[in-house]
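See below for the structure under consideration.
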Amino acid sequence: MLTGKQKRHLRALGHKLKAIILIGKKEIEEALISETNAALDHHELIKVKLLESCMLDKHEASGLLADACSAEVAQILGKTFLLYRPATPPVIALPATDKPGKKTAP
């Protein structure tokens, strides 16, 4: 599960990306899932675009594709969304999830 700080970092990195996966009228099928897995293996962070012919809702499409690829949705904006899955070893360095010694208010 990505924290808010990690999602902000991924959104900043994803801003300049071009969509490399396009979802059209065939929607989410096995070929699209395998292409998305290959793209995530190579890039770690990818941008996916829903075409006008896609009948799925952006939240539904992002959730289905993320679950099928064991990825996480970093952002949904308009008809595009960012998917992130860390590689082995990770190329993108994410901010730490918590800071040791951080004081909380009583």
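The values are calculated or read from the model by the stated rules, or taken from the named source; none is laboratory data. Everything numeric in this text was worked out from a predicted model, so none of it was measured. Glycine also receives a Cβ, built like all others from the backbone with ideal geometry; neighbour counts cover every protein chain displayed.
Flag: Glu27 matches the condition of being touching a helix residue (DSSP H, G or I) at 6+ places or on another chain (Cβ under 9 Å) and of a type in the set (D, E, K, R). Might you let me know whether the stretch 26-48 holds any residue that is in contact with a Leu (Cβ under 6 Å, 6 or more places away or on another chain) and surrounded by fewer than 15 Cβ atoms within 10 Å (Cβ to Cβ)? So far as the stretch 26-48 goes, no, none of its residues is in contact with a Leu (Cβ under 6 Å, 6 or more places away or on another chain) and surrounded by fewer than 15 Cβ atoms within 10 Å (Cβ to Cβ). One residue is enough: does the stretch 16-38 have a residue meeting the conditions among the acidic types (Asp, Glu) and under 12 Å from the mean Cα position of the chain (by Cα)? Scanning the stretch 16-38, I find no residue that is among the acidic types (Asp, Glu) and under 12 Å from the mean Cα position of the chain (by Cα), so the answer is no.
Pairs are defined by a Cβ separation below 8 Å, a sequence spacing of at least 6 or placement on different chains, a first member in the stretch 45-65 that is among the hydroxyl-bearing types (Ser, Thr, Tyr), and a second member that is not in a helix (DSSP H, G or I); the pairs so defined are Ser53/Gly24; Ser53/Lys25; Ser62/Val48; Ser62/Val73; Ser62/Ile76; Ser62/Phe81; Ser62/Leu83. Applying the set (1) within 13 Å of the chain's Cα centre (by Cα); (2) of a type in the set (Asp, Glu); (3) modelled with pLDDT under 85 to Glu72 leaves exactly one unmet item: (3). Report whether or not Lys7 is of a type outside the set (Val, Ile, Thr) and either farther than 23 Å from Pro95 by Cα or without any contact (Cβ under 8 Å) to a residue 40 or more places away in the chain (or both). No; evaluated as a whole, the condition is false for this residue.
Is the stretch 62-70 home to any residue that is over 20 Å from Gln6 (Cβ atoms), crowded, with 18+ Cβ neighbours inside 10 Å and in contact with a strand residue (DSSP E or B) (Cβ under 8 Å, 6 or more places away or on another chain)? No, the stretch 62-70 contains no residue that is over 20 Å from Gln6 (Cβ atoms), crowded, with 18+ Cβ neighbours inside 10 Å and in contact with a strand residue (DSSP E or B) (Cβ under 8 Å, 6 or more places away or on another chain).
Looking at this structure, is Ile46 closer than 19 Å to Asp67 by Cα and in contact with a His (Cβ under 9 Å, 6 or more places away or on another chain)? It is false that Ile46 is closer than 19 Å to Asp67 by Cα and in contact with a His (Cβ under 9 Å, 6 or more places away or on another chain). Checking each residue in the stretch 9-21 for being surrounded by 14 or more Cβ atoms within 10 Å (Cβ to Cβ) and out of contact with any Phe, Trp or Tyr (no Cβ under 6 Å at 6 or more places or on another chain) picks out His9, Arg11, Leu13, Gly14, Ala19, Ile20, Ile21.
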